[in-house]
1. Describe numerically, in nm with one decimal, the distance between label points set 7 Å from Cα along Cα→Cβ at residue 127 and at residue 47.
2. Could you run the Karplus curve 6.51 cos²θ - 1.76 cosθ + 1.60 with θ = phi - 60° over the stretch 48-56 and give me ³J(HN,Hα) per residue in whole Hz, x for Gly and Pro?
3. In a GNM of the chain with a 10 Å cut-off on Cα contacts, which of 92, 145, 104 has the highest mean-square fluctuation?
4. Round to the nearest 0.05 the FRET efficiency obtained for residue 158 and residue 135 when R0 = 25 Å and r is the Cβ-Cβ distance.
5. Please list, by residue number, every one of the trypsin sites (Lys or Arg not before Pro) in the stretch 75-157 that is coil in DSSP and has at most 15 other beta-carbon atoms within 10 Å.
6. Considering the chain as a Gaussian network with a 10 Å cut-off on Cα pairs, which listed residue, 118, 85, 105, attains the greatest mean-square fluctuation?
7. Please order 144, 122 by the number of other Cβ within 10 Å, starting at the fewest.
8. Using a simple spin-label model with points 7 Å from Cα along the Cα→Cβ vector, what separation in nm is obtained for residue 94 and residue 7?
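Just so you know, all these numbers are worked out from the coordinates, no wet-lab data involved. Note that this is a predicted model, so its numbers are computed, not measured. As a convention, Cβ positions derive from the backbone with ideal geometry for all residues, glycine included, and neighbour counts pool all protein chains shown.
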Amino acid sequence: MDFINCDIKGLKIIEPTVFGDVRGYFFESFNQSEFEKSIGKKVSFCQDNQSLSNTGVVRGLHFQNPPHAQGKLVRVMQGSVLDVALDIRKESPTFGQFHVILLSAENKKQFWIPEGFAHGFSTLEDNTIFQYKCTNYYHPSSESSLLWCDNQLNIDWLVKDAIISAKDQSGVKWEDFITPF
C-alpha cells in the first residue's frame, strides 16, 4: 500500500497493492497501523456511509463544524467519481484551494480528507457506489455546506446539467463564508 502526499497538507492518496490472476484480484483495503503511521496520528473510525448515484450527480461541498468535525476516508466500490477536497482551515497556506482526484472501482484508490476540509464529488458513471469511513458521527445541527458551483471557487466537476439536492443548491457562497476551523 502506498500513501501519497498531495500538494495540500493533510490530504493523502492511498494506492493499494493489487494481486491479480485468473481468479480475479485481492488487495488489502485498510490497515489501521499503516494508515496511522502515514498520517502521523491515531484515528478512530466510528461510522461508515455508502451512497449510490447515477451519472451527473454532485454531492457537496459538505463538512461538519467543530466539535463534530469529521475526517473521511473515501473510496469507490463501483463506477467512478471526481472527488474534491477544499481546504477551509483559516491558518492554512492553502486556505481556499482544492484538490481533485479520480476515484474508481478500477483504480481502487482511496482519499484521506482530514477535519478542516469541505468535501464533495461528482458521479461520472451510472450506478456508482461511493463508500466512506468517518472519524465522528453524523450530527445534523453541525452540518454545513458551501455552494458547489461557486464561480469564485471555479471547480470543474466534469458534469453537464448536474443533479443537485435542494440542500446543496443553497450552500454558502465562498465570499460569505466564515470558517469555523
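1. 2.9 nm
2. 10, 10, 9, 9, 10, 9, 9, 3, x
3. It is 92.
4. Numbers: r = 28 Å, r/R0 = 1.12.
Once rounded, the FRET efficiency stands at 0.35.
5. On the way: sites: 75, 89, 90, 108, 109, 133; in loops: 89, 90, 108, 109.
In loop regions of the stretch 75-157 (DSSP not H, G, I, E or B), the sparsely surrounded trypsin sites (Lys or Arg not before Pro) are 90.
6. Its mean-square fluctuation being the largest, the pick is 105.
7. On the way: 144 16, 122 26.
Lowest to highest Cβ neighbour count: 144, 122.
8. About 0.9 nm separates the two model spin labels.
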